[in-house]
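A.B. asks: Okay, here's the structure, questions in a sec.
None of the figures in this text is laboratory data; all of them are computed from the coordinates on show. Since this is a predicted model, take the numbers as computed values, not measurements. Counting neighbours? That spans all protein chains shown, and the Cβs are built from the backbone with ideal geometry, glycine included.
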Amino acid sequence: MTSKVYTLAELANFIDAQLVGDSNVEISDLAALQSASAGQLSFLANPKYLQFLETTRASAVIVDHASAEHCTVGALVVKDPYMAYAKITQLFDQSIHRSPGIHSSAVIEAGCDIGSEVTIAANVVIEQGCTIGNNVIIGAGCVIGANCIIGESSTLNANVTLYHSVKVGCRAVLHSGVVIGADGFGFANDQGRWEKIYQLGAVCIGDDVEVGANTCIDRGALSDTKIGNGVKLDNHIQIGHNVIIGEHSAVAAGTAIAGSAEIGKNCTIAGAVGIAGHLSIADNVHVTGMSMVSSSLKTAGVYSSGTALTDNKTWRKNTARLRKLDEYMKRLLKLEKKMGQAVEPRK
């Protein structure tokens with residue numbers, strides 16, 4: 001539990017909320033509606049949880065104007081409860097903040113430019129020619145390859161690896177196990193033998209980017225792989241060489257993006273999506289979970305592929321019928337022709 005305690009008045013002021021109830025109520029933690037107790041603050045962003053609002057034991061709840069009348073405890077009334085909750089979480093962050101300094105076991109090679117107020121933890125290796133900006137935090141066991149640049153106020157959590165010549169912008173957050181700048185998957189087949197194509201580009205990551213644990217971003221084959229400002233990447237994502245992701249797009253866990261694909265700005269890619277290489281996705285596109293993107297998406301909107309979940313017996317029947325779809329189409333066209341209603345088949 002955080003040691004900091006806030007009054008409802010302080011929290012209302014922080015998120016610019018209308019306060020309903022006792023402004024002196026003290027809040028020391030956040031919790032879900034169902035499990036919250038005295039001294040805790042909760043929120044209601046999804047109407048399906050409205051049933052828990054009237055029985056919650058939280059001291060206060062962040063709600064919108066429509067739900068406020070159902071709240072039986074203190075309320076912080078805002079237009080967007082989820083966004084208000086997101087902002088308040090920073091006040092209750094329990095991460096350990098270390099004092100600036102360089103651990104005695106860190107290895108920093110010649111020619112590096114290390115900024116002020118930098119934290120470098122145990123067993124970090126920083127190879128020659130790197131530039132580390134002010135207020136950067138580098139967690140234990142990180143390896144920073146030669147000639148990398150890390151912008152100010154960025155955080156690398158434990159065991160992040162940057163290969164050579166990677167550029168990371170300001171205020172980036174890279175979680176444990178992230179690997180940036182490994183070789184892209186490039187091989188030429190010479191009569192059954194694979195010849196490696198050396199990857200001569202790098203990776204360039206913009207400002208305010210967050211990369212989840214164990215995500216890999218490959219270096220470019222010739223030009224750089226590029227991740228735009230404000231992009232948010234979840235855990236276990238594979239980003240191939242020369243991929244470009246536009247500003248403020250977000251990609252959920254398990255997605256794989258093949259080489260040279262280009263994703264526009266403000267896109268959202270849901271979990272376990274596959275995106276083929278050498279295609280483009282327009283700005284403001286949303287791709288739903290487990291979809292396969294095999295051709296370019298040129299217009300903003302929501303896209304899906306695959307079939308909805310059903311019971312196994314029905315799925316097996318549908319799959320068997322799907323295999324005969326071409327046969328059925330041919331029979332239909334033949335019947336239409338026989339009846340004098342022939343139509344041009346779609347390709």
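A.B. asks: Only residues that are surrounded by fewer than 22 Cβ atoms within 10 Å (Cβ to Cβ) and among the basic types (Lys, Arg): list them for the stretch 192-222, please.
C.D. replies: Of everything in the stretch 192-222, those that are surrounded by fewer than 22 Cβ atoms within 10 Å (Cβ to Cβ) and among the basic types (Lys, Arg) turn out to be Arg193, Lys196.
A.B. asks: Can you tell me which residue is farthest from the chain's Cα centre (by Cα) among those in the stretch 64-89 that are of a type in the set (A, V, I, L, M) and under 16 Å from Phe14 (Cβ atoms)?
C.D. replies: It comes out as Ala75.
A.B. asks: Taking the condition of being in contact with a Gly (Cβ under 7 Å, 6 or more places away or on another chain), under 16 Å from Asn214 (Cα atoms) and either surrounded by fewer than 18 Cβ atoms within 10 Å (Cβ to Cβ) or among the basic types (Lys, Arg) (or both), how many residues in the stretch 167-191 meet it?
C.D. replies: Residues flagged as in contact with a Gly (Cβ under 7 Å, 6 or more places away or on another chain), under 16 Å from Asn214 (Cα atoms) and either surrounded by fewer than 18 Cβ atoms within 10 Å (Cβ to Cβ) or among the basic types (Lys, Arg) (or both) within the stretch 167-191 amount to 0.
A.B. asks: Next up: Considering only the stretch 269-282, how many residues are surrounded by 17 or more Cβ atoms within 10 Å (Cβ to Cβ) and either of a type in the set (Val, Ile, Thr) or in contact with a Lys or Arg (Cβ under 8 Å, 6 or more places away or on another chain) (or both)?
C.D. replies: 5
A.B. asks: Within the stretch 104-123, count every residue that is assigned to a loop (DSSP other than H, G, I, E, B) and aliphatic (A, V, I, L, M).
C.D. replies: So the answer is 5.
A.B. asks: Restricting to the stretch 2-44, name every residue that is in contact (Cβ under 8 Å) with a residue 60 or more places away in the chain and within 17 Å of Asp93 (Cα to Cα).
C.D. replies: Thr2, Lys4, Tyr6, Leu11, Phe14, Ile15, Asp29, Leu30
A.B. asks: Does the stretch 323-340 contain at least one residue that is assigned to a loop (DSSP other than H, G, I, E, B), within 42 Å of the chain's Cα centre (by Cα) and more than 30 Å from Val251 (Cα to Cα)?
C.D. replies: Yes, the stretch 323-340 contains at least one residue that is assigned to a loop (DSSP other than H, G, I, E, B), within 42 Å of the chain's Cα centre (by Cα) and more than 30 Å from Val251 (Cα to Cα).
A.B. asks: Taking only the stretch 140-150 into account, find how many residues are surrounded by 21 or more Cβ atoms within 10 Å (Cβ to Cβ) and either over 24 Å from Glu247 (Cα atoms) or out of contact with any strand residue (DSSP E or B) (no Cβ under 6 Å at 6 or more places or on another chain) (or both).
C.D. replies: Number of matching residues: 2.
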